[in-house]
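Contents: one structure, followed by commentary.
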Amino acid sequence: QVQLVESGGGLVQPGGSLRLSCVASGFTFSAYGLSWYRQAPGKERDLVATISSTGTIIKYADSVKGRFTISRDNAKNTVYLQMNSLKPDDTAVYYCYVLVKIRNWGQGTQVTVSM
């Protein structure tokens with residue numbers, strides 16, 4: 001079965017950086033696009049960034065453009081989200097997502113941006 005395991009979250013001060021990782025298994029990783037979503041308390045889960053199977057097509061939410069970078073390593077079955085210039089509004093649980101027959105989500109990793 002599809003498994004997505006996120007890591008790399010934590011507490012960081014405004015202006016700081018974090019790199020999230022999502023290790024995938026149970027499907028042919030190199031054949032699928034993947035995405036990062038986030039959900040803040042009391043809010044809906046929103047798309048942050050998406051990357052195509054080959055990494056050639058990438059899209060970002062307007063709120064993170066110029067600060068976040070999504071990438072993937074098909075040899076390691078891993079997708080990354082480099083987050084720079086973090087703001088308190090970036091505080092959320094971040095989820096890895098892939099559509100393989102059904103919607104598949106990881107367990108999420110908490111990112112907290114605070115003094």
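The values are calculated or read from the model by the stated rules, or taken from the named source; none is laboratory data. Keep in mind it's a predicted model, so treat the numbers as computed, not measured. No Cβ is skipped: glycine too gets one built from the backbone with ideal geometry, and neighbour counts run over all protein chains shown. Just the protein is used for accessible areas: all its heavy atoms, side chains included, with ligands, DNA and RNA removed. Shrake-Rupley method; radii C 1.70, N 1.55, O 1.52, S 1.80 Å.
Just a few scattered comments:
- Strands (runs of 3 or more DSSP E) contained entirely in region 1-82, each with at least 1 residues that are among the hydroxyl-bearing types (Ser, Thr, Tyr) and open to solvent by less than 70 Å² (accessible area, probe 1.4 Å): 3-7, 18-25, 34-39, 45-51, 58-60, 68-73
- Among the residues listed as 25, 63, 17, the single one being of a type in the set (Gly, Ala, Ser) and farther than 19 Å from residue 108 by Cα: 63
- Figure legend. Inter-residue proximity from region 81-94: first residues small (Gly, Ala, Ser), second residues assigned to a loop (DSSP other than H, G, I, E, B), beta-carbon distance below 7 Å, spacing 6+ or different chains. Indicated pairs: 85/15; 85/67; 92/40.
- Residue count, region 86-115 (criterion: open to solvent by less than 60 Å² (accessible area, probe 1.4 Å) and of a type outside the set (Asp, Glu)): 18
- Residues of region 53-80 that are of a type in the set (A, V, I, L, M), touching a residue at least 24 places away in the same chain (Cβ under 8 Å) and within 25 Å of residue 28 (Cβ to Cβ): 57, 70, 79.
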